[in-house]
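The values are calculated or read from the model by the stated rules, or taken from the named source; none is laboratory data. These figures come from a predicted structure and were not determined experimentally. As a convention, Cβ positions derive from the backbone with ideal geometry for all residues, glycine included, and neighbour counts pool all protein chains shown. Please note that ligands, DNA and RNA were not included when accessible areas were found on the heavy atoms of the full protein model with its side chains. Shrake-Rupley method; radii C 1.70, N 1.55, O 1.52, S 1.80 Å.
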Amino acid sequence: MIARILQAGRNDRGAASVELAFSFMIFLFMAFGIVEYGSIINERNALTQLAREGASLASRNLTTSANMMDLLESTNNALDFKNQPSKFHIYLAQVTAGNNVNPNPTCAVVDRGGLSNGVQPPTQPNCDLPANLYDYLKWAPGTGATVEQFTVVKVFYEHDPITPVGALSAQLGWGGLSTANSITMSSTAIF
């Protein structure tokens, strides 16, 4: 009788160990997910902020396109473009209004960065400008163009996973344009 009671206690301890192991695996998976997706959100916010600030500054024509690209590339944020030139690509497109000689707007694109996987440059002739904004740049006889210029900034960044959950996400193609070991994120801003 005592042997049966002791045997039942041993079986419960084994079941508790198995339950603990499963609970610990679920906890680790959730913790890794929180860390990985927190990192992705941080990088995505930095990417969006960079695109917005770049488009805002470029639309003011305060500097040349080359200097503007130097400024965008040298930003010191979570993306670290300076030390990792193969992980980003920036496109700066300035769409200028048409005139009486050529009524259609013209687009000039400059780019910087070494990332090529999952990167799409602004398409000609409108440089990814929505049709309603593009129409403001068309020259109309007697009135001219409504707006002089729009600036489009597209920024691409390659996120390398820092946890096993992120690596699994990249392998399965979750979270955007994915390669075997990374996720390519992008942001576009128009001013």
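Only one of these is among the β-branched types (Val, Ile, Thr) and in contact with a strand residue (DSSP E or B) (Cβ under 7 Å, 6 or more places away or on another chain): 90, 26, 34, 41. Name it.
Just one listed residue meets the conditions, 90.
Can you confirm whether segment 132-147 contains a residue that is in a strand (DSSP E or B) and among the small types (Gly, Ala, Ser)?
To start, the set of residues in segment 132-147 that are in a strand (DSSP E or B) comprises 140, 144.
Going one step further and asking which of them are among the small types (Gly, Ala, Ser), we end up with 140, 144.
Looking for residues that are in a strand (DSSP E or B) and among the small types (Gly, Ala, Ser), one finds at least one in segment 132-147, hence yes.
In segment 32-50, what residues are of a type in the set (Ser, Thr, Tyr) and closer than 13 Å to residue 189 by Cβ?
Residue satisfying the conditions is 48 alone.
Where residues in segment 62-114 are among the hydrophobic types (A, V, I, L, M, F, W, C), open to solvent by less than 60 Å² (accessible area, probe 1.4 Å) and in a loop (DSSP other than H, G, I, E, B), which of them is nearest to residue 137 (Cα to Cα)?
97
Just checking, does segment 128-138 include any residue being in contact with a helix residue (DSSP H, G or I) (Cβ under 7 Å, 6 or more places away or on another chain) and either among the hydrophobic types (A, V, I, L, M, F, W, C) or touching a residue at least 60 places away in the same chain (Cβ under 8 Å) (or both)?
no
Checking residue 78 against (1) at pLDDT 90 or above; (2) under 24 Å from residue 161 (Cα atoms), only one condition comes out false. Which one?
For residue 78, the failing item is (1).
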